[in-house]
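Encoded as structure tokens, the structure appears first; notes follow it.
The numbers here are math on the coordinates, done by the rules we state, and not lab data. On a predicted model such as this, the values are computed, not experimentally measured, just so you know. Neighbour counts run over all protein chains shown; Cβ positions are idealised from the backbone, glycine included.
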Amino acid sequence: MSAGKVFPETIRKMKGQERVPALTAYDYPLTRYIDAAGVPLILVGDSLGMVMLGYPDTTYVTVEDMEHHVRAAARARPNALLAADLPYRSYDTPESALSNARRLRTAGAEAVKAEGGQAILPQVEAIVEAGIPVIGHLGMLPQSIREEGGYHIKGRRQPERQALLEDARALQGAGAFCLVLELVTPAVAAEVTKAISIPTIGIGSGWDCDGQILVSTDLLGYSPNFIPRHVQPKAHLSDIVTDAVKAWAKEVACISR
Ligand code: KIV
């Protein structure tokens, strides 16, 4: 667990030494609590669209939404490395990718994450060359939900396996310092993990990745709509909140005039 400020190089060096736990956070208090627990990598994920803003998927999230939440999280001044997602369509070209990465950086993000492999290499290269660290994201890409028509497990077929391996190597070559693998079959996630020298951070991709990331509201039982099958919540905050509010409302109702 982290002692002192975490940098991208700290995360990169954890490969083969210790597993990387990572969680999402979207605001000041949650960033403080997660940081106090010693988690070295905190992501202001565009999952905030679903779990904080009530949208059906992440494609509604704007750069302005991300800036707002990154600013709040950054005010916690975490020891953890604070990364942020480049939202949907904000990195269509190397120019837009760099300008939006700079906006998130100015808001307080210390690294940015973008979804995709070889298709976004020029964007990744432009951001890395400008000195902003990049996290890759392969496998099921939530921002592609409209094209894909659902959240599908990746790596089951040989061409998908091959593409994942090639994309992972290409992102490493472009300078990404770690790589999220989302809903990749455990066998292929393990193969990708062995094939590259930067850490893989899995989500729903088995236990053979170099680290694990979860949407914090899933872990804490606070996600409003559903909790994915790969998550075993460690708390049930939504019940705690409802029960606390009910108890207080009852108290108020019982006070005699
Ligand atoms: O947006 C997000 O929360 C993410 C994680 C699930 C990796 O990208």
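When GLU110, GLU129, GLU64, GLU147 are checked against the criterion of being more than 16 Å from the chain's Cα centre (by Cα), more than 13 Å from the ligand (Cβ to nearest atom) and within 21 Å of CYS178 (Cα to Cα), GLU129 stands alone in meeting it.
State yes or no: is ARG103 assigned to a helix (DSSP H, G or I), more than 12 Å from the ligand (Cβ to nearest atom) and among the basic types (Lys, Arg)?
Values: assigned to a helix (DSSP H, G or I): yes; more than 12 Å from the ligand (Cβ to nearest atom): yes; among the basic types (Lys, Arg): yes.
Taking the combined requirement at face value, the residue satisfies it.
Every condition in (1) within 13 Å of the ligand (Cβ to nearest atom); (2) closer than 24 Å to THR193 by Cβ; (3) acidic (Asp, Glu) is met by GLU18 except one, and the failing one is (1).
Residue-by-condition table, conditions (1) touching a residue at least 12 places away in the same chain (Cβ under 8 Å); (2) farther than 24 Å from ASP57 by Cβ:
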{"position": "MET140", "(1), (2)": "yes, no"}
{"position": "GLY150", "(1), (2)": "no, no"}
{"position": "ILE153", "(1), (2)": "yes, no"}
{"position": "ALA163", "(1), (2)": "yes, no"}
{"position": "LEU171", "(1), (2)": "yes, no"}
{"position": "LEU181", "(1), (2)": "yes, no"}
{"position": "THR193", "(1), (2)": "yes, yes"}
{"position": "ILE196", "(1), (2)": "yes, yes"}
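Scanning the range 26-42 for residues that are closer than 15 Å to LEU179 by Cα, aliphatic (A, V, I, L, M) and either surrounded by 23 or more Cβ atoms within 10 Å (Cβ to Cβ) or more than 9 Å from the ligand (Cβ to nearest atom) (or both) turns up at least one hit. Every test in (1) buried (at least 16 other Cβ atoms within 10 Å of the Cβ); (2) more than 27 Å from LEU104 (Cα to Cα) is passed by LEU220 save one, and that test is (2).
Got a number for residues in the range 233-251 being away from the ligand (no atom under 16 Å from the Cβ) and either aliphatic (A, V, I, L, M) or within 19 Å of the chain's Cα centre (by Cα) (or both)? Selection size over the range 233-251: 9.
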